[in-house]
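J.: Take this structure first; my questions come after.
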Amino acid sequence: MSPAGPFPLYYPGEARRAFGSDEATRRFARAAQLEPGCRVLVLGCGPVGAPVLLARDLGCSVVAADTEDALLAPVRERVRALSLGDRVETRRVELDRLGFPDGEFDAILIQGRVFYPLDTTLTTLRRLLATRGRIGMTFPARVGRYTAKPALEFWEKRLGTQLLLPRELLLELEAHGYEPESVESLTDLELDFLYRDVEQRLESAPAKEAEVMRQEIAVHREQNGKAGVSYAFLIGRRKEPGEKPPASRDRG
């Protein structure tokens, strides 16, 4: 297989996102303890859902950021239609210089996109979080009891590093200055449904990026419906140096 391009991993902008449902956004908001007035960065807008829900239903102050104006345009239109301009700011950003002050956000949410290598994501975005702020982010993970060699080879070449289990992703959170809180991954059926939607949108995608995405889908389907690799969504709280670990839940 041909090597993939560099990060960010390509994903059609208009396709549905892993963990992009309203319910998934609300679960993250509960975990992040978001309240009216909390400042949230939604990085990678895609379909409009999360910025509008966080602003309209929860009263948050949201920055919806992406690398292309075309991806921000639907958000701007929806925000204008709902008169949410005082709560939602749209901003085009460069991934190598996001341009936000340290400690700016109570939460950062990345649904269904992978913009950076794992360690870069955790390091770059941690400084943007306020004390006790939460990150919720998507990243590929090994799942199940067995991962076929072709799938491992494809993903490790694509990511440029070892593919981790969900519990190992939580350990990476901890190693980069977060208190790991939860991780979930797409089921086989959810991943099948996601890939069907993506596949319908590749005809108009750039040829090189579309080819890599087709390879990803083919690797998945070769596993006969058993996803050895899926997308995980992990949540962690910014932890400060010297902070004591949380009390044991079993009082042991």
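The values are calculated or read from the model by the stated rules, or taken from the named source; none is laboratory data. Bear in mind the structure is a predicted one, so any value in this text is a computation, not a measurement. Reconstructed Cβ throughout: ideal geometry from the backbone, glycine too, with neighbour counts over all protein chains shown. For accessibility, only protein heavy atoms count, side chains too; no ligands or nucleic acids. Shrake-Rupley method; radii C 1.70, N 1.55, O 1.52, S 1.80 Å.
J.: Output the residues belonging to region 40-59 that are at positive phi and either touching a Ser or Thr at 6+ places or on another chain (Cβ under 9 Å) or in contact (Cβ under 8 Å) with a residue 40 or more places away in the chain (or both). Show your work before the answer.
T.: In the first step, residues of region 40-59 are kept if they are at positive phi; the result is 44, 46, 59.
Result: G44, G46.
Residue-by-condition table, conditions (1) at pLDDT 90 or above; (2) touching a strand residue (DSSP E or B) at 6+ places or on another chain (Cβ under 7 Å); (3) part of a loop (DSSP other than H, G, I, E, B):
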| position | (1), (2), (3) |
| --- | --- |
| G5 | no, no, yes |
| Y11 | yes, no, yes |
| A18 | yes, yes, yes |
| T25 | yes, no, no |
| E35 | yes, no, yes |
| L41 | yes, yes, no |
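J.: Separate question: State all residues of region 174-216 that are among the small types (G, A, S) and over 20 Å from P6 (Cβ atoms); if no residue qualifies, say none. Let's see the steps before the verdict.
T.: Quick first cut of region 174-216, residues among the small types (G, A, S) only: 175, 177, 182, 185, 204-205, 207, 210.
Those that are among the small types (G, A, S) and over 20 Å from P6 (Cβ atoms): A175, G177, S182, S185, S204.
J.: Tell me whether region 5-22 contains one or more residues that are touching an Asp or Glu at 6+ places or on another chain (Cβ under 6 Å), open to solvent by 10 Å² or more (accessible area, probe 1.4 Å) and of a type in the set (K, R).
T.: Taking region 5-22 and keeping what is touching an Asp or Glu at 6+ places or on another chain (Cβ under 6 Å), we get 10, 15-16.
Remaining after also requiring open to solvent by 10 Å² or more (accessible area, probe 1.4 Å): 10, 16.
Next cut, of a type in the set (K, R) only: 16.
There is at least one residue in region 5-22 that is touching an Asp or Glu at 6+ places or on another chain (Cβ under 6 Å), open to solvent by 10 Å² or more (accessible area, probe 1.4 Å) and of a type in the set (K, R).
J.: Now for a different question. Filter region 219-242 down to residues that are at pLDDT 95 or above and of a type in the set (G, A, S) and give me whichever is nearest to Y146 (Cα to Cα).
T.: S230
J.: Filter region 23-33 down to the residues that are open to solvent by less than 60 Å² (accessible area, probe 1.4 Å) and of a type in the set (D, E) and list them by number.
T.: From region 23-33, those open to solvent by less than 60 Å² (accessible area, probe 1.4 Å) are 24-25, 28-29, 31-32; that's our starting set.
Residues satisfying the conditions do not exist here.
J.: Would you check which residues across region 143-163 are closer than 25 Å to S21 by Cα and either out of contact with any strand residue (DSSP E or B) (no Cβ under 6 Å at 6 or more places or on another chain) or hydroxyl-bearing (S, T, Y) (or both) and list them?
T.: G144
J.: Would you check which residues across region 95-113 are within 18 Å of the chain's Cα centre (by Cα) and either open to solvent by 50 Å² or more (accessible area, probe 1.4 Å) or closer than 18 Å to A50 by Cβ (or both) and list them?
T.: Listed by number, the residues that qualify are D96, L98, F105, D106, A107, I108, L109, I110, Q111, G112, R113.
The rows are residues; the columns are (1) more than 18 Å from S230 (Cβ to Cβ); (2) open to solvent by 20 Å² or more (accessible area, probe 1.4 Å).
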position: R92; (1), (2): yes, yes
position: T124; (1), (2): yes, yes
position: R127; (1), (2): yes, yes
position: G133; (1), (2): yes, no
position: P140; (1), (2): no, no
position: W155; (1), (2): no, no
position: L159; (1), (2): no, no
position: Q162; (1), (2): no, yes
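J.: Please specify each residue of region 176-208 satisfying the condition of being more than 23 Å from Y10 (Cβ to Cβ) and open to solvent by 30 Å² or more (accessible area, probe 1.4 Å). Don't jump to the end; show me each part of the working.
T.: Step one: of region 176-208, the residues more than 23 Å from Y10 (Cβ to Cβ) are 176-184, 187, 189.
Those that are more than 23 Å from Y10 (Cβ to Cβ) and open to solvent by 30 Å² or more (accessible area, probe 1.4 Å): H176, E179, P180, E181, S182, V183, E184, T187, L189.
J.: Search region 66-81 for residues that are farther than 17 Å from L41 by Cβ and pair each with any residue that is of a type in the set (V, I, T) when their beta-carbon atoms are under 6 Å apart and the residues are at least 6 apart or on different chains.
T.: P74/V48; R78/V48; R78/V52
J.: Would region 59-68 turn up any residue that is at pLDDT 95 or above, in contact with a Leu (Cβ under 6 Å, 6 or more places away or on another chain), small (G, A, S) and closer than 20 Å to L122 by Cα?
T.: Yes, region 59-68 contains at least one residue that is at pLDDT 95 or above, in contact with a Leu (Cβ under 6 Å, 6 or more places away or on another chain), small (G, A, S) and closer than 20 Å to L122 by Cα.
J.: For P36, all conditions in the list (1) farther than 20 Å from E184 by Cα; (2) touching a residue at least 24 places away in the same chain (Cβ under 8 Å); (3) open to solvent by less than 60 Å² (accessible area, probe 1.4 Å); (4) not charged (D, E, K, R) hold save one; what is the number of the exception?
T.: The failed condition is (3).
J.: Exactly one condition in (1) crowded, with 23+ Cβ neighbours inside 10 Å; (2) touching a Ser or Thr at 6+ places or on another chain (Cβ under 8 Å) is false for V62; which is it?
T.: It fails just one condition, (2).
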